[in-house]
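Asker: Below is the structure I would like to discuss, written out as structure tokens.
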Amino acid sequence: MSQKKEHDVNIKTWHESHEETLKFGQKLADSVAQGMGSWKFIIIQTVIVAIWMILNVVAFCYHWDVYPFILLNLVFSTQAAYAAPIIMMAQNRQSDRDRAQAMADYQTNVEAKKEIEALQTKLNSIEIEKLDKIINLLEEMKAGKQA
């Protein structure tokens with residue numbers, strides 16, 4: 001029993017095995033894409049933009065980015081220039097993960113099919129053995145009545 005528990009503890013899921021193969025840049029791209037695709041990011045960015053605009057409109061002495069907020073547009077353009085390829089890298093990796101997981105699922109299904117077929121064959125042989133025994137018993141009974 002203890003060997004089975006030790007064996008089960010060492011088994012890794014497909015996702016755990018895949019995570020171990022990722023490089024630092026891939027993990028970073030995934031976490032950036034995950035962060036940028038969240039409501040938390042959208043809300044924080046909206047608050048920062050609103051503060052930026054308010055401070056530049058009502059600032060009494062120094063407007064570092066006067067209307068039409070060219071510096072803010074530059075910041076957004078730079079953010080988009082870096083975000084788009086990072087998000088695409090994460091999406092490509094997700095496609096690769098989905099493909100690999102589908103292949104692993106297929107292999108599992110093939111193995112399960114083989115096991116089911118083996119069980120079916122075994123059950124059929126047991127059924128044939130029982131039928132043979134019943135036929136033998138009936139023949140013995142018939143032979144016993146005739147004698």
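Readers should treat all values here as calculations from the given coordinates under stated rules, not as data from a laboratory. Keep in mind that what you see is a predicted model, and the values were worked out from it rather than measured. All Cβ positions, glycine included, derive from the backbone under ideal geometry; neighbour counts span all protein chains shown.
Asker: Mind putting a number on the dipole of region 78-147 about its Cα centre? Charges go on the C-beta only, +1 for Lys and Arg and -1 for Asp and Glu, and I need it in Debye to the nearest 20.
Answerer: With only Lys, Arg, Asp and Glu charged at Cβ, the dipole is about 80 debye.
Asker: Sticking with this one: Using the charge dipole of the chain (Lys, Arg: +1 at Cβ; Asp, Glu: -1 at Cβ; taken about the Cα centre), state which of 54, 135, 92 has its Cα farthest towards the positive end.
Answerer: Checked the options; the winner is 54.
Asker: Counting only pairs 8 or more places apart or on different chains, how many lysine pairs in the chain have C-alpha atoms closer than 29 Å?
Answerer: 23
Asker: Same structure again: What percentage of all Cα-Cα pairs in region 2-114 are separated by more than 22 Å? Mind dumping the intermediate values first?
Answerer: Values: 3721 of 6328 pairs.
For region 2-114, the fraction of Cα-Cα distances above 22 Å is 59 percent.
Asker: Related question: Placing unit charges on C-beta atoms (Lys and Arg positive, Asp and Glu negative, everything else neutral), compute the dipole magnitude of region 2-114 about its Cα centre in debye, rounded to 20.
Answerer: About 200 debye.
Asker: Pick out, from 45, 74, 110, the residue whose Cα sits farthest towards the positive end of the charge dipole of region 2-114, with +1 on the Cβ of Lys and Arg and -1 on the Cβ of Asp and Glu.
Answerer: 110
Asker: Considering Cα pairs under 8 angstrom that are at least six residues apart, work out the relative contact order of the chain and quote it in whole percent. Please report the intermediate quantities before stating the final value.
Answerer: Details: 31 pairs, mean separation 35.1, N = 147.
Dividing the mean separation by the residue count of the chain yields 24 percent.
Asker: Percent of Cα-Cα pairs more than 17 Å apart in region 60-112, please.
Answerer: For region 60-112, the fraction of Cα-Cα distances above 17 Å is 63 percent.
Asker: While we're on this one: Over the chain, with a Gaussian network built from C-alpha contacts below 10 Å, which listed residue (120, 45, 79) shows the highest mean-square fluctuation?
Answerer: Judging by the Gaussian network model, the answer is 120.
Asker: So which DSSP H runs in the chain come out at 24 Å plus along the axis (Cα) with average Kyte-Doolittle of at least 1.0?
Answerer: Membrane-span-like by this rule: 39-58.
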